[in-house]
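Visitor: I'd like to ask you about the structure that follows.
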Amino acid sequence: MKKLSETYKELGIDFTFPIKIKEANDRVTYFENSNGYGERWEYDANGYDTYFEASNDYWHKYERDDNGNETYFENSYGVKRGTPKSSKTCEGKVVEVDGIKYKLKAL
């Protein structure tokens, strides 16, 4: 995980620690402290966390159904639960047509 502070330094942007990036709903998506420790989160359209990564090389990811129930979990320790969505389908992807968003579902 590349640290945001490194990018800021490369671009000559002044900053102070801790670095926090939040979504409009105040949910944190990135954090980094002055000791170099950092964390990053990703969320789905329903607000459920789908991915977490820390600068100590730990990560985990979730897949969820439409109700937010965990259908798959995997982490950097090798723990796996459930069945992942097939990488050969586009299920769960969001497409936009004429300004309207649609979530794809395999039949």
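Visitor: Counting just the residues of segment 89-107 that are touching a strand residue (DSSP E or B) at 6+ places or on another chain (Cβ under 8 Å) and under 15 Å from Asp66 (Cβ atoms), which one comes out surrounded by the most Cβ atoms within 10 Å (Cβ to Cβ)?
Guide: Within segment 89-107, the first condition is being touching a strand residue (DSSP E or B) at 6+ places or on another chain (Cβ under 8 Å), and the residues that meet it are 92-96, 101-104.
Then keep just the ones that are under 15 Å from Asp66 (Cβ atoms); that gives 92-94, 101-104.
Numbers: Gly92: 17, Lys93: 10, Val94: 11, Lys101: 9, Tyr102: 10, Lys103: 12, Leu104: 11.
Taking the candidates together, the pick is Gly92.
Table: residues versus (1) closer than 30 Å to Leu104 by Cα; (2) open to solvent by 50 Å² or more (accessible area, probe 1.4 Å); (3) in contact (Cβ under 8 Å) with a residue 60 or more places away in the chain.
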site	(1), (2), (3)
Lys2	no, yes, no
Thr7	no, no, no
Pro18	no, yes, no
Pro84	yes, yes, no
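Visitor: Moving to a separate point now. In segment 61-81, what residues are open to solvent by less than 60 Å² (accessible area, probe 1.4 Å) and farther than 17 Å from Asn46 by Cβ?
Guide: Just the residues of segment 61-81 that are open to solvent by less than 60 Å² (accessible area, probe 1.4 Å), to begin with: 62-65, 68, 71-76, 78.
Matches in segment 61-81: Glu74, Asn75, Ser76, Gly78.
Visitor: Let me ask something else. Starting from residues that are in a strand (DSSP E or B) and of a type in the set (A, V, I, L, M, F, W, C), keep the ones in segment 82-106 and report whichever is nearest to Asn46 (Cα to Cα). Can you show your working first?
Guide: Of all residues in segment 82-106, those in a strand (DSSP E or B) come to 82, 94-97, 100-103.
Cutting the leftovers down to of a type in the set (A, V, I, L, M, F, W, C) gives us 94-95, 97, 100.
Values: Val94: 12, Val95: 16, Val97: 20, Ile100: 17 Å.
Looking at the filtered set, the residue picked out is Val94.
Visitor: Using beta carbons and a limit of 6 Å, which pairs, at least six apart or on different chains, have the first residue in segment 67-79 and more than 28 Å from Lys103 (Cα to Cα) and the second one modelled with pLDDT of 95 or more and open to solvent by 60 Å² or more (accessible area, probe 1.4 Å)?
Guide: Final answer for the pair search is Ser76/Trp59.
Visitor: Something else now. Which members of segment 34-60 meet the condition of being of a type in the set (A, V, I, L, M) and open to solvent by 50 Å² or more (accessible area, probe 1.4 Å)? Give the steps one after another, and end with the answer.
Guide: As a first pass, look at segment 34-60 and keep what is of a type in the set (A, V, I, L, M): 45, 54.
Correct list: Ala45 only.
The values are calculated or read from the model by the stated rules, or taken from the named source; none is laboratory data. Everything numeric in this text was worked out from a predicted model, so none of it was measured. Cβ coordinates were reconstructed from backbone atoms using ideal geometry, including for glycine residues, and neighbour counts include every protein chain displayed. Keep in mind that these areas ignore ligands, DNA and RNA; they rest on the heavy atoms of the full protein, side chains included. Shrake-Rupley method; radii C 1.70, N 1.55, O 1.52, S 1.80 Å.
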